[in-house]
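The values are calculated or read from the model by the stated rules, or taken from the named source; none is laboratory data. All figures in this text were calculated on a predicted structure; none of them were measured in a lab. Quick reminder, even Gly has a Cβ in these numbers, built from the backbone with ideal geometry, and neighbours come from all protein chains shown.
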Amino acid sequence: MLKKLIPYKYFWAVIKHKWFVFIIGRYFGVPIHRRILHDWSKFLPQNLWVYNTQFYCGGSNKFDFIWLKHQNLHDHHWEYWVPRTCHSSRMTKIEPLKMSHSATMEMLADWFAASRSYNGKWPDENNWPWWDRNFNSIQLHKETKELLNYAKKSFYARNNARTTG
């Protein structure tokens, strides 16, 4: 009966992912309220059913719209920071805006947690296929990109020092 009321597969996948964001987000200094509220909109009934259908039932024609709404609502997605038009005299071409520090760190925690959730392990320092495949094509402000690279390197340096020393 409960399986018919709740799209349980996706529900538990999101719970697991949120747990990993909560854990790794602490290392990146993501404030606790951001870790608790991470991806909260995925639990809205109209969204939960679409996500479940997309990932566990062969796809949904509503997914692209729901995903766009999600990216526009949650500032830990890089797409949130990419303007769609140039409505400013200061902006002559569309370029990504600099992400806030907390949104940047939550995004990095999200990526680490997604790797842990989908691949069953935290990403390796020198072998993170998702990062290698996607990072350079993501539209990020130069300073945001530098912060992500610095935070990733610092994380591994800290953990390597802890395990070898």
Enumeration of residues in the range 121-142 that are assigned to a helix (DSSP H, G or I) and farther than 16 Å from residue 106 by Cα: 129, 130, 132, 133, 134, 136, 137, 142
Number of the exception - residue 150 against (1) hydroxyl-bearing (Ser, Thr, Tyr); (2) within 17 Å of the chain's Cα centre (by Cα); (3) loosely packed, with under 13 Cβ neighbours inside 10 Å: (2)
Output for the range 70-108, where each listed residue is in contact with a helix residue (DSSP H, G or I) (Cβ under 8 Å, 6 or more places away or on another chain), among the charged types (D, E, K, R) and either at pLDDT below 95 or within 14 Å of residue 147 (Cβ to Cβ) (or both): 98, 106
Spans of helices (runs of 4 or more DSSP H) in the range 1-85 with at least 1 residues in contact (Cβ under 8 Å) with a residue 40 or more places away in the chain and over 20 Å from residue 112 (Cβ atoms): 8-27, 45-56
Any hit, the range 149-156, residues being modelled with pLDDT under 90 and not hydrophobic (A, V, I, L, M, F, W, C): no
Those residues of the range 25-73 which are of a type in the set (Val, Ile, Thr) and crowded, with 16+ Cβ neighbours inside 10 Å, in sequence order: 30, 50, 53, 66
